[in-house]
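See structure below.
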Amino acid sequence: MSEKHYWEEVEIGTEIKPLVKVATTQMLVKWAGASGDFNPLHFDSIYAESIGVGKIIIHGALKRQWLIQLLTDWVGEQGILRKFSCQYGAMDYPRHMKTITKPDEGETWICKGQVTKKYVEGDQHFIDCKIWLENGKGETTTHGRATVILPAKSA
Amino acid sequence: MLPEELKKLIGMTGDVTVYEVEKGAISRFADAVDDANPVFHDTEYARNSRFGSIVAPPGFFGWPQQQTRNSPLNVDIPTELMSAFEHAGYPLSFALDGAVKFEFFEPVHAGDILNARTTVRSLRERTSNGRSIIVCILETTYHNQSGTLVATQQSTFVRGSSGIQQEGSDNV
C-alpha cells in the first residue's frame, strides 16, 4: 500500500509512482482462471500462430487491471478511483517460465501516469491524469485517462 | 455494409446477468494481477478500513451465477448479439479487445449480488486491409442488491469476418 496523498500536495505534472510488472505465461493462465477469459490466444502458441497473431499475447484486460492498480496504489485507501479508460494500441508478449515459479529473462513492463488537471466540484477534490504502459523497449502499448478523488487537508 | 441481422440489434438491451461477488474470487482476481492490497484479501484488515469489509478491485464484478462465462473479453455480451455475429460470419475466434471505459460510483463488496444490463451502443462495419471488420461498442450498467448503480462500463471490441486472418494492431 502507498503513503497517503493529499489533493493539495499534487500538482499538474506530478508523476504517479510507477508500477513495475512482469507478465509470464503462468500469469496469463492465472488471469484466465480468475477473470474468465479463456481465449486460447493467451495460452496456446500453436493456436495463436494459426489465427495469424504469431505468438501468445497478454490479455488487454490484464494490462487494464495493471493500470487500475497503478491508480489504486497511488490514491491509497482514502482516495477514490472515479473514472478510468484505456485503449489497447499494440500487442505485448509474456515471458516464458524458467522454473516452476521463476520467469525467464526478458521484458519488464512499467505502468506510468502523470497529473493533467486538478479541480474542485462541490466538496470533492478531483485529479485527472494520463496513464500508460511501457514495454521493455520503452514503447507505449496501452494508454488512457483517469479521474481520481483525493482527500483534502481543507476538508 | 453492416449485415441487417446485426443492424437491428443496435440499441437493444440484453437480459439481466446476475453476478455473485465472492470473497475467494476477489482474492484470486487480485492475485492474478499480483496486487497484494490487503483490502482485497484480508477480512480483518478490510473490516478496519474505510470500506468496512473486503472490496473488489475496480473492474472486477464477480462471476455470473447462471452460466460459465464464455466471452473472451470480460464483457457481458447479450446472447442475441453473440448469435447474430456467428450467423453473419463474424465468429468468436476473430475478436479483439479495443478499449474500455469505466465509471465507478460505489465500491463493490464481497457478498454483493450485482445485476448487469448491457446495451448495444453501436456497430460499425469497416474494411481493414481488404478485410471486413465490425467495431462494436457495448455499455453495461452494474447495480447492487440495494439497487444502487455501482459502475458503468463501455467496451469497444472488433470482430473480423471468417476465413481471414486477424489483424494484429488495429487501433479502434
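The values are calculated or read from the model by the stated rules, or taken from the named source; none is laboratory data. This structure is a prediction, so every number in the text was calculated from the model and none was measured. Here the Cβ positions follow ideal geometry from the backbone for every residue, glycine too, while neighbour counts run over all protein chains shown.
Of all residues in segment A:11-44, those that are modelled with pLDDT under 95 and either small (Gly, Ala, Ser) or in contact with a Lys or Arg (Cβ under 7 Å, 6 or more places away or on another chain) (or both) total 5.
Suppose we keep only residues that are of a type in the set (Val, Ile, Thr) and crowded, with 21+ Cβ neighbours inside 10 Å within segment B:30-68. Which one would you say is farthest from A:Trp74 (Cα to Cα)? Outline the logic, then answer.
Kept after step one, since they are of a type in the set (Val, Ile, Thr), are these residues of segment B:30-68: B:33, B:39, B:43, B:54-55, B:68.
Retained after the next criterion (residues that are crowded, with 21+ Cβ neighbours inside 10 Å): B:33, B:39, B:54-55.
On the way: B:Val33: 16, B:Val39: 14, B:Ile54: 19, B:Val55: 17 Å.
Looking at residues that are of a type in the set (Val, Ile, Thr) and crowded, with 21+ Cβ neighbours inside 10 Å, I get B:Ile54.
Can you report the number of residues in segment B:94-138 which are in contact (Cβ under 8 Å) with a residue 24 or more places away in the chain, small (Gly, Ala, Ser) and under 18 Å from A:Ile51 (Cα atoms)? Result for segment B:94-138: 4. Taken together, A:Gln65, A:Gln114, A:Gln78 contain a single residue that is closer than 22 Å to B:Val100 by Cβ and loosely packed, with under 15 Cβ neighbours inside 10 Å, which is A:Gln114.
B:Tyr45 fulfils the conditions (1) aromatic (Phe, Trp, Tyr); (2) modelled with pLDDT of 90 or more; (3) in a loop (DSSP other than H, G, I, E, B) except for a single criterion, (3). If the condition is being assigned to a helix (DSSP H, G or I) and at the interface with another protein chain (Cβ under 8 Å from one of its Cβ atoms), then segment A:1-33 contributes A:Met27, A:Lys30, A:Trp31, A:Gly33. Filtering segment B:1-45 to residues that are free of Cβ contacts under 8 Å to residues at least 60 places away in the same chain and of a type in the set (A, V, I, L, M) leaves B:Ala25, B:Ala30, B:Ala32, B:Val33, B:Ala36, B:Val39. Taking the criterion of being under 20 Å from the mean Cα position of the chain (by Cα), among the hydrophobic types (A, V, I, L, M, F, W, C), part of a helix (DSSP H, G or I) and within 7 Å of chain B (Cβ to nearest Cβ), would at least one residue in segment A:67-82 satisfy it? Yes, the conditions are met somewhere in segment A:67-82.
Pick from B:Pro91, B:Pro72, B:Pro64: which is more than 27 Å from A:Gln26 (Cα to Cα) and modelled with pLDDT under 95?
Details: B:Pro72 fails: more than 27 Å from A:Gln26 (Cα to Cα); B:Pro64 fails: more than 27 Å from A:Gln26 (Cα to Cα).
Of B:Pro91, B:Pro72, B:Pro64, the one residue that is more than 27 Å from A:Gln26 (Cα to Cα) and modelled with pLDDT under 95 is B:Pro91.
A search for C-beta distances below 7 Å between a residue of segment A:84-96 that is more than 7 Å from every other protein chain (Cβ to nearest Cβ) and any residue that is among the basic types (Lys, Arg) and assigned to a loop (DSSP other than H, G, I, E, B), counting only pairs 6+ apart in sequence or on different chains, returns A:Tyr93/A:Lys55. The number of residues in segment A:53-66 that are small (Gly, Ala, Ser), at the interface with another protein chain (Cβ under 7 Å from one of its Cβ atoms) and free of Cβ contacts under 8 Å to residues at least 60 places away in the same chain comes to 1.
So, in segment A:1-33, of the ones that are acidic (Asp, Glu) and more than 17 Å from the chain's Cα centre (by Cα), which residue ends up surrounded by the most Cβ atoms within 10 Å (Cβ to Cβ)? Before the answer, list the steps.
Taking segment A:1-33 as the starting set, the residues that turn out to be acidic (Asp, Glu) are A:3, A:8-9, A:11, A:15.
Restricting the remaining residues to those that are more than 17 Å from the chain's Cα centre (by Cα) gives A:3, A:8-9, A:11.
Details: A:Glu3: 7, A:Glu8: 13, A:Glu9: 11, A:Glu11: 9.
Checking each candidate, the answer is A:Glu8.
Just to verify a result, which residue in segment B:98-129, among those that are of a type in the set (Gly, Ala, Ser) and more than 14 Å from the chain's Cα centre (by Cα), is modelled with the lowest pLDDT?
So in segment B:98-129, the residues of a type in the set (Gly, Ala, Ser) come out as B:98-99, B:110-111, B:116, B:122, B:128.
Narrowing further to those that are more than 14 Å from the chain's Cα centre (by Cα): B:110-111, B:122, B:128.
Details: B:Ala110: 98, B:Gly111: 98, B:Ser122: 96, B:Ser128: 79.
Out of the qualifying residues, it is B:Ser128.
Selection of segment A:36-50 for residues being closer than 30 Å to B:Val21 by Cβ, of a type in the set (A, V, I, L, M, F, W, C) and in a helix (DSSP H, G or I) yields only A:Leu41. Between B:Phe85, B:Phe104, the distinction of being aromatic (Phe, Trp, Tyr) and facing chain A (nearest Cβ under 8 Å) belongs to B:Phe104 only. Considered as a group, the residues in segment A:34-52 that are among the hydrophobic types (A, V, I, L, M, F, W, C) and crowded, with 20+ Cβ neighbours inside 10 Å include one that is nearest to the other protein chains (Cβ to nearest Cβ), and that residue is A:Ala34.
B:Asn129: more than 21 Å from A:Cys86 (Cβ to Cβ) and either within 14 Å of another protein chain (Cβ to nearest Cβ) or touching a helix residue (DSSP H, G or I) at 6+ places or on another chain (Cβ under 9 Å) (or both), yes or no? So that I can check it myself, show each step before the final result.
Working: more than 21 Å from A:Cys86 (Cβ to Cβ): yes; either within 14 Å of another protein chain (Cβ to nearest Cβ) or touching a helix residue (DSSP H, G or I) at 6+ places or on another chain (Cβ under 9 Å) (or both): yes.
Yes: the conditions hold for B:Asn129.
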